[in-house]
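Worksheet for the structure shown next.
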Amino acid sequence: VYLFVFVLQMTPEERERMWYALVYHEFVAHAGAYVGVIIGAAALYRANPAYLGMKALSAWDALYFSIVTITTTGYGDILPTGCLRIVASGEMLIGIFIVVLLVGVTVGRIVTELMSANNAPPPESGQR
């Protein structure tokens, strides 16, 4: 709530500068990494359908399984076996890491922008 009060007190130019920095830098980079992991894992799944318990796997099914895995939804309609269990686990962990990193960077950027808008020095590492 404290952060949103500062955002409301900012001038429109300051808000525009803050959101520009968020959207066009960190968010685009993280979203690109997220999509890259999804497509790369889907290509691995499509190339090895036997490890997913199927004789053949369409590109859409591979993409579907990759998205379900990276978002940690896990419906259970397609199950990896063998070496693809490691790939699916890695994809899941990378997906969680990218989301956590995106949230952390976004919040950090908002705090920095709010502090600079109020001419306050940014908090040092380890301070509360």
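The values are calculated or read from the model by the stated rules, or taken from the named source; none is laboratory data. From a predicted model like this one, the values you see are computed outputs, not experimental measurements. Methodologically, a virtual Cβ is constructed for each residue, glycine included, from the backbone with ideal geometry; neighbour enumeration extends over all protein chains shown. These accessible areas exclude ligands, DNA and RNA; they are computed on the full protein's heavy atoms, side chains included. Shrake-Rupley method; radii C 1.70, N 1.55, O 1.52, S 1.80 Å.
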Original post:
What accessible surface, in Å², does a 1.4 Å probe find on H25, ignoring ligands, DNA and RNA and rounding to the nearest 10?
Top reply: 100 Å²
Original post:
Taking +1 at the Cβ of each Lys and Arg and -1 at the Cβ of each Asp and Glu, which of I38, S66, L79 sits farthest along the dipole of segment 12-102 towards its positive end, judged by Cα position relative to the Cα centre?
Top reply: L79
Original post:
So how much accessible area does L93 have, in Å² to the nearest 10, using a 1.4 Å probe?
Top reply: 110 Å²
Subject >> I39, I67, I110, I86, ranked by accessible area, largest first (probe 1.4 Å) >> reply: I86, I39, I67, I110
Subject >> Residues S116 and I39, FRET efficiency given R0 of 35 Å [Cβ-Cβ distance, rounded to 0.05] >> reply: 0.40
Original post:
Ordering S89, S66 from largest to smallest accessible area (1.4 angstrom probe), what's the sequence?
Top reply: S89, S66
Subject >> Per-residue SASA entry for V35, accessible area with 1.4 Å probe, Å² rounded to 10 >> reply: 80 Å²
Original post:
Between H25 and I67, what is the FRET efficiency for a Förster distance of 30 Å, r being their Cβ-Cβ separation, to the nearest 0.05?
Top reply: 0.75
